Structure formats: structure tokens, C-alpha cells
Amino acid sequence: MEFGQSRALFRRAQELIPGGVNSPVRACRAVGMDPLFIQRADGCHLWDADGNRYIDYVGSWGPMILGHRHPVVMEAVARALERGTSFGAPTDLEIELAELVSAAVPAVEMVRMVNSGTEATMSALRLARGVTGRDTIVKFDGCYHGHADMLLVDAGSGVATLNIPGSPGIPQAVTAQTVSLPFNDTQALRDLMDARGREVAAVIVEPVAGNMGLVPPAPGFLEALRQETARTDSVLIFDEVMTGFRVAYGGAQSLFGITPDLTCFGKIIGGGFPVGAYGGRRDLMAQIAPQGSIYQAGTLSGNPVAMSAGIATLKALRRDGVYHALETRSRRLAEGLQSIAARFGVSAVCNRVGSMLGLFFRPGEVRCFEDAKASDLQRFARYYRGMLAAGVYLAPSQFEALFVSLAHDETAIEATLEAAQRVLAELAT
Ligand code: HOZ
């Protein structure tokens, strides 16, 4: 494979853009490569600037659940563009997307559109602090809720990938209000809430952790979060930026049967455009300005083009058989990867919930960030490079998830497994 065009673009990018990228993980440092510059995408495929074609399991880090350039999304966007690109004023489209989200996720009685998952989580936390009059927030190690100051504590995603202990520029006084506990450690949560529950404004969690690789909730963990927050009158926030409309149409909360007070969304609800949202109990959401006094705003919030893409995506996901198809293909991929690794004696464990997967290069279960961090990162990097050379585009970090889309048909899944067979055979040697 030739990468000359990507290399030239990367050189140019580094002159003006820090690290040559607009988000750190995609710089591919953890896998010892330079980033590929993408020229176009279609279905489950990406083409880089040198014309190399890949089967794409990044899917823009989650949003592309229908596959790239899905006709219903392309048509909706084209129709929206006819009307104009941004008005900074309400449109019917915002109501339609809000109705779709609320119908899918009954815990969302009211919802506010924003522009990213980061905005959604920081706004939900401001709301929780505002309504409770408390300052402390509880999160879990290896979960990543965007890059707001108070949340960059033992975080996953790029913070884990680049092994950043805590970012300069964040006042210690801000992170002092954040407690981070081990994911899936129910006892640690109960102990904390026994001791300090009445100081806790909110407990925020990725109900399925997707930023330390993929780590499902242990039985009883989410139930304990619900019980402890209810007992201490603190707010339970599910960060469903990745899992919303992904692991089920109603998100992880419908899959696991737990009702949070607030939910954050992003990725899929924007259909590939920059959208986030937070919503939940009416009595809480009614405290947001201008209905209430807790302030949050945004010029491009509810952008009509982005709303149209989100509406088209959610409507397409409502069709019969969609989540069954995602489940079947994702199961085949996960089981295939696991059995190929076993056949070649490569210590690896594949976690999966619906169409989100993580292959960790280590023996035994991965239940928390400490487990994930004990993976063989060098081996992951070799696997990544091998798969890329075989035409499979994965997230360039052990601490990110893989996303299967409806465009990943049997041919794509089997081609991926054939590539994995060659690469894992080589890794075994
Ligand atoms: N932090 C996101 C993934 N979990 C986005 C990474 C990127 O866009 O580079």
C-alpha cells in the first residue's frame, strides 16, 4: 500500500494544526503510525487520499450506524440544504427530533439539543449541580465523557491512549470536586455514597463503557447506581453518547432496564453531523433557561441540516429487523475474532454489547480500566498495523471500541475475519 498522499497532507497539517489533527486519538501515535487522510466513504468502506480502500469499523467513532452515505440521510440533508444552512432560530425539525428521541427513550421527558457529546455531559452536570445545590460529581475510571475540565479525571479515550495523567490548564480546585471510582465496583460506590452521598450532585456513567475498549456493566452494577443515587437524592446521568440508538433503539437503559434521571446523547442522533443532546425528567429539565435559571446556550444548537440527518437516521433505525441484523453480524464478528485468537494461541478477549466490540490483547476477563490497561499494547499496535495493511480500518487504540453498521454485510464480516486470521497467525509467531 502507498501512503504518499496521506504523508504529504500530514506534513501540511502539522504546520497549522496541533499534532496535525483536530482530535488526538486519530493521530495514530499509539499504534506507531501517521494518520491516514480520508477522501471519501460509502457503505462500510473508506478510501484514503492514496486511493486505498478499507472496511471501516470506526464509523466516525459511532454515528454511521446505517453505513456511510445512506440514501435516506443524503436525501434528507439535500432537502434541508434547499431551505438554508442555519437560522439561529427554532425550526420544526428540532421538535421532530426531540419527539423521536423522547418516544424511543421514555425517561427523556424533555430534551435540549447541543452540538457535541462534550456539551451534553457538561450541561447535564451543571443542571445536576444546579438542582441539588451540591458540587461533587462521581464518575468511573476509564469512562470518558468529553473534555470538560471536571471530567478529565482518570478518563478513557485519548487521555488513556496518550497516557495523560491529567491535563495542564485544569485548576486543581475543579477536579477536586470529581471522584472517580473503579467501573463495575459496586462496593466502592456504596462505600462512597455511605460516606459522602449527601454531597454528591450526580453520578455519571457510560452504562456500557466504550472509551476503554468495550466493557459491559457487571450484573447489578447499574442497579446499584440507581439505588444509591435515589437513596441520596443525587442525579443519575447515563452518558449514552455512544450507546444511544446503538446497543438498542432505546439505548443501554432499555437493554438493561434502568431508568436514569438524565441522559446524554450524541453521535447517532446527528446522523454524521455535530449534534449532542441532554434530556430526562421534566422537573429537572424545566430548570434550564429560559424556562428555569440554569444557563446553557448555543448558536448552532438545533441546526436544521444536522437535525434532518438525525431524523432520517432514527427513522431508518425504527424499521423491523434492524437491531437483529446488527446483533447477528456483530456476534459473528466477535465470535470469529475470539475463536481465531484461540486457534493461534494469542491471548485475547473480545467483549461485545450489540454492535459495539472491543478485542483486548490479554488473557482473562476485562471488567474495568485496570484490566483494560493490563492489555499488551505493543501487540495491539502490531494487530492494528496488520489489519490496516489487510484493508481493515480499526480505531487506532486499545482503548476505543469497534462499531459495526448495517452496511457491514456478510461479505465484509467474512473478509474481516480472513484478514484477522492472517494477522493473528503472524502475531502468534
Ligand atoms: N474521543 C472520541 C472517541 N472516543 C473521538 C476521537 C476522535 O475523533 O479522534
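Laboratory data are not the source of any read-out in this text; all were calculated from the coordinates shown. Nothing here was measured: the structure is a model prediction, and the numbers come from that model. Positions of Cβ are generated from backbone atoms using ideal geometry, with glycine treated the same way; all protein chains shown enter the neighbour counts.
The table below lists the values:
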quantity	calculated
Three-way shape call for the stretch 1-158 based on the alpha-carbon gyration tensor, with the a/c threshold at 1.5	oblate
Cα gyration tensor, the stretch 221-320 - rounded (a/c under 1.5), prolate or oblate	oblate
Size of charge dipole - the chain - debye, nearest 20, with Cβ of Lys, Arg +1 and Asp, Glu -1, no other charges	380 debye
From phi via Karplus (6.51, -1.76, 1.60), per-residue ³J(HN,Hα) for the stretch 350-362 in Hz, x at Gly/Pro	9, 8, 8, 9, x, 9, 10, 9, x, 9, 9, 8, 6
Under 24 Å from the Cα of LYS139 - lysines, other chains or at least 8 residues apart	LYS267, LYS373
Distant-in-sequence amide H partners of PHE140 (H built 1.01 Å from N, under 5 Å)	LEU181
Whole-Hz couplings from phi, Karplus 6.51/-1.76/1.60, listed for the stretch 195-203; x for Gly and Pro	7, 9, x, 6, 9, 8, 6, 8, 10
Computed helical MRE - 222 nm, the chain, DSSP H runs ≥ 4 contributing -39500 (n - 2.57), nearest 500	-12000 deg cm²/dmol
Amide H partners (placed H, <5 Å) of GLY276, local residues excluded	VAL114, ASN115, SER116
Selection from VAL208, VAL235, GLY220, by position along the positive dipole direction of the stretch 204-273 (Cβ)	VAL208
